[in-house]
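The values are calculated or read from the model by the stated rules, or taken from the named source; none is laboratory data. Bear in mind that the values here come from a model prediction, so they are computed numbers and not experimental data. When we count neighbours, we look across all protein chains shown, and the Cβ atoms used for this are built from the backbone with ideal geometry, even at glycine.
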Amino acid sequence: MNSRQRAIKAIHHEKPDRPPVYASLTPQMARKLSASLNLPYEEPIDALLSTRISHVDLLTSMGNDFVVVAATYPPGAETVARPDGKLENEWGMVFKDTGLYNEFIEFPLSEVTSCEDIKRYNFPDPLAKGRFVYALDIIRKYGDKYMIIGDLETSIFETAWYLVGLEKFLMDLIKGDKYINLLLDEIMLINTKIGQELIRIGAEIIWCGDDFGMQHGMIMDPETWRSWFKPRIQFMFESFRKINPKIKIAWHSCGSILPIIPDFIDLGLDILNPIQPLAKGMDPEFLKQEYGQDLVFFGGIDVQELLPFGNPEQIIDEITRRIDILGKSGGYIAAPAHNIQPDTPVENVFAMYDAILNYGQK
């Protein structure tokens, strides 16, 4: 059974020879693993979702069964380094390299107060020439043997606060400022067009997402989410299924989002990610029993404590336990709950892959 066949079984709630696996890496972790395996280091791809789509050769050589593609910055709109050393992307979002991630420090709509401010802002063209060249190249190279995921994780909420700033955006959202509807609609339409194009060129899973959860609960109350975001997510899902009625839709949200999981099922969600293990209530036994008939689970491997601080034996035991639970009767994609961080020893990454690739053989 090759990677693609294995993934097809899993996303259709069937039980493959072992769970398919997907992992992503910070650049620092990719560099460590490349050196350990004596492989050339692949520079990150220039995209808002860079960590999800970079280091493909390394990750498939280690065992990934999925290859992820996304829209990238087109020619002439690449991320640039300013004279002050800060980085600026085509949205006008400004970052500072903090050594681990590029952290947001300036927001192009930080002074927004009105719909006119939104209308004056120059939103990127979602179908700009060259935006999907990298994705097409990867699909042609890997599509026969691997399942292709089209990544669209910062679908609405996260892109909005990347533009406005988190604190201001949440305050204006709760106040119901008039510009919010227009901003969310513009972002929704841009990302809907990107997602539709990813489906057209070959994505078999479209991986949407916004982080609505925190460690102990949701970042906003469920009714606020239902008012502002649920109808827009519904629009996106319906738009994707107009392109391909059989498309599988995944949603990423870190943290604890228990109150809105039934809402996502109502919207037709197929795959829930990342099942953050230490977030309140995201218990694998409960989730599998309650929602396993409706959802494929994607994630569930702890990157906060287990991978960085466990030993290989503990990692193999815990991952095996989680596969036993979440993979019972199929419907599970084994994956870390976030990018593997550089505080993780390389032997622990190897142990993770060993537990998954050899599941059921020991």
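Computed quantities for the displayed model
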| quantity | calculated |
| --- | --- |
| Filter result for the condition that a residue is of a type outside the set (S, T, N, Q), under 20 Å from the mean Cα position of the chain (by Cα), more than 24 Å from Thr60 (Cα to Cα) and at pLDDT 95 or above, over Leu166, Leu136 | Leu166 |
| Selection count, segment 31-59, where residues are more than 20 Å from Ala337 (Cβ to Cβ), in a helix (DSSP H, G or I) and of a type in the set (Val, Ile, Thr) | 1 |
| Criterion: under 20 Å from Ile53 (Cα atoms), touching a residue at least 24 places away in the same chain (Cβ under 8 Å) and not hydroxyl-bearing (Ser, Thr, Tyr) - qualifying residue of Gly165, Gly209 | Gly209 |
| Top-ranked residue in segment 210-223 [being exposed (fewer than 15 other Cβ atoms within 10 Å of the Cβ) and closer than 21 Å to Leu183 by Cβ; ranked as nearest to the chain's Cα centre (by Cα)] | Asp221 |
| Ala10 vs. criteria within 24 Å of Gly202 (Cα to Cα) and of a type in the set (A, V, I, L, M) | yes |
| Pair list, Cβ under 6 Å, 6 or more apart: segment 253-282 residue assigned to a strand (DSSP E or B), other residue at pLDDT below 95 and among the hydroxyl-bearing types (Ser, Thr, Tyr) | none |
| Any hit, segment 314-326, residues being at pLDDT below 95, over 23 Å from Leu59 (Cβ atoms) and out of contact with any Pro (no Cβ under 7 Å at 6 or more places or on another chain) | no |
| Hey, Met62 in contact with a helix residue (DSSP H, G or I) (Cβ under 6 Å, 6 or more places away or on another chain), modelled with pLDDT of 95 or more and aliphatic (A, V, I, L, M) or not | yes |
| One residue from Ala77, Ala35, Ala70 being in contact with a helix residue (DSSP H, G or I) (Cβ under 7 Å, 6 or more places away or on another chain) and modelled with pLDDT of 95 or more | Ala70 |
| Number of positions in segment 88-104 that are in a strand (DSSP E or B) and either modelled with pLDDT under 95 or among the β-branched types (Val, Ile, Thr) (or both) | 7 |
| Residue list for segment 28-60, restricted to those being among the hydroxyl-bearing types (Ser, Thr, Tyr) and either under 21 Å from the mean Cα position of the chain (by Cα) or crowded, with 20+ Cβ neighbours inside 10 Å (or both) | Ser50, Thr51, Ser54, Thr60 |
| Residue in segment 298-338 that is nearest to Lys15 (Cα to Cα), counting only those that are in contact with a His (Cβ under 9 Å, 6 or more places away or on another chain) and crowded, with 20+ Cβ neighbours inside 10 Å | Gly331 |
| All positions within segment 209-230 that are in contact with a Ser or Thr (Cβ under 8 Å, 6 or more places away or on another chain) and either on the phi < 0 side of the Ramachandran plot or assigned to a strand (DSSP E or B) (or both) | Gly209, Asp210, Asp211, Phe212, Gly213, Met214, Gln215, His216, Met218 |
| Test: residue in segment 63-83 that is among the polar types (S, T, N, Q), touching a residue at least 60 places away in the same chain (Cβ under 8 Å) and surrounded by 15 or more Cβ atoms within 10 Å (Cβ to Cβ) | yes |
| All positions within segment 105-159 that are in a helix (DSSP H, G or I) and either among the charged types (D, E, K, R) or at positive phi (or both) | Glu116, Asp117, Lys119, Arg120, Asp137, Arg140, Lys141, Glu158 |
| Residues being over 30 Å from Asn244 (Cα atoms) and touching a residue at least 12 places away in the same chain (Cβ under 8 Å) - total across segment 283-310 | 11 |
| Selected residue [assigned to a helix (DSSP H, G or I), of a type in the set (A, V, I, L, M, F, W, C) and under 21 Å from the mean Cα position of the chain (by Cα)] from Ile180, Ile174, Ile206, Ile187 | Ile187 |
| Tabulated pairs, segment 231-252, first part of a helix (DSSP H, G or I), second of a type in the set (Gly, Ala, Ser) and at pLDDT 95 or above, C-beta under 7 angstrom, 6+ apart or interchain | Met236/Ser155; Met236/Gly195; Phe237/Gly268; Phe240/Gly195 |
| Segment 117-140, subset among the acidic types (Asp, Glu) and surrounded by 12 or more Cβ atoms within 10 Å (Cβ to Cβ), residue farthest from Gly165 (Cα to Cα) | Asp125 |
